[in-house]
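*Asks:* The structure's right below; bear with me while I get my questions together.
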Amino acid sequence: MLEVIIIITIIALDQITKYFTVKNLKTDGSFTVIKGFLEFCYVENRGAAFGILQNKRWFFIVLTIIICAGMAYYLFTYKYTRMILRISLAFILGGAIGNLIDRIRLGYVVDMIHITAINYPVFNVADSFVVIGTILLAWYLLFIADK
């Protein structure tokens, strides 16, 4: 049950931030939060991470659905796995579904967070949870699983 709450919360946070980004930054440009470090801006990402595989919308939709179905199956079939594994999968699922909603609804993913200090590619809340979930999953697989 906790996993469902996490997934729904991540999707809601992601979609709310994207709504406000479209509403406030699509026409107004960027908003500097910390000069020389962080800004919010509106970007339409039609590819994957770092903009690779541009305009492969259906590929990403199908791939995301397959991967999410597999993770959801595992998450809800093996209910007695360790909490760190369950949370990591919930983070990844929440983020993946948040971006999937954009791809289906808009044809692209709305990104808005830009760390200008290192000129890192623009990303969104969903991306952040996918990365955090992947780090937790890697930690689990490397240091906790089978011990």
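The values are calculated or read from the model by the stated rules, or taken from the named source; none is laboratory data. Every value quoted in this text rests on a predicted model; they were computed, and no experiment measured them. Glycine gets a Cβ as well: all are built from the backbone with ideal geometry, and neighbour counts include every protein chain shown. Quick note on the areas: whole protein, heavy atoms, side chains included, nothing else; ligands and nucleic acids left out. Shrake-Rupley method; radii C 1.70, N 1.55, O 1.52, S 1.80 Å.
*Asks:* Looking only at segment 11-41, count every residue that is free of Cβ contacts under 8 Å to residues at least 24 places away in the same chain, closer than 24 Å to GLY133 by Cβ and among the β-branched types (Val, Ile, Thr) and tell me the total.
*Replies:* Of the residues in segment 11-41, 1 are free of Cβ contacts under 8 Å to residues at least 24 places away in the same chain, closer than 24 Å to GLY133 by Cβ and among the β-branched types (Val, Ile, Thr).
*Asks:* Something else now. Residues that are of a type in the set (Val, Ile, Thr) and exposed (fewer than 14 other Cβ atoms within 10 Å of the Cβ): which helices (runs of 4 or more DSSP H) entirely in segment 1-120 hold 2 or more of them? Walk me through it before giving the result.
*Replies:* Numbers: elements: 2-25, 57-77, 83-106.
Those helices (runs of 4 or more DSSP H) span 2-25, 57-77.
*Asks:* Could you count how many residues in segment 121-147 are open to solvent by less than 40 Å² (accessible area, probe 1.4 Å), within 20 Å of THR32 (Cβ to Cβ) and in a loop (DSSP other than H, G, I, E, B)?
*Replies:* Total meeting the criteria: 2.
One line per residue, one yes/no per condition, for (1) farther than 16 Å from ILE11 by Cβ; (2) among the β-branched types (Val, Ile, Thr); (3) touching a residue at least 12 places away in the same chain (Cβ under 8 Å):
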position: TRP58; (1), (2), (3): yes, no, no
position: ILE113; (1), (2), (3): yes, yes, yes
position: ALA117; (1), (2), (3): yes, no, yes
position: ASN124; (1), (2), (3): no, no, yes
position: LYS147; (1), (2), (3): yes, no, no
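This table checks each residue for (1) more than 21 Å from ALA138 (Cα to Cα); (2) at pLDDT 95 or above.
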residue	(1), (2)
GLU3	no, yes
ILE6	no, yes
ASP28	yes, no
GLU39	yes, yes
ALA48	no, no
ILE87	no, yes
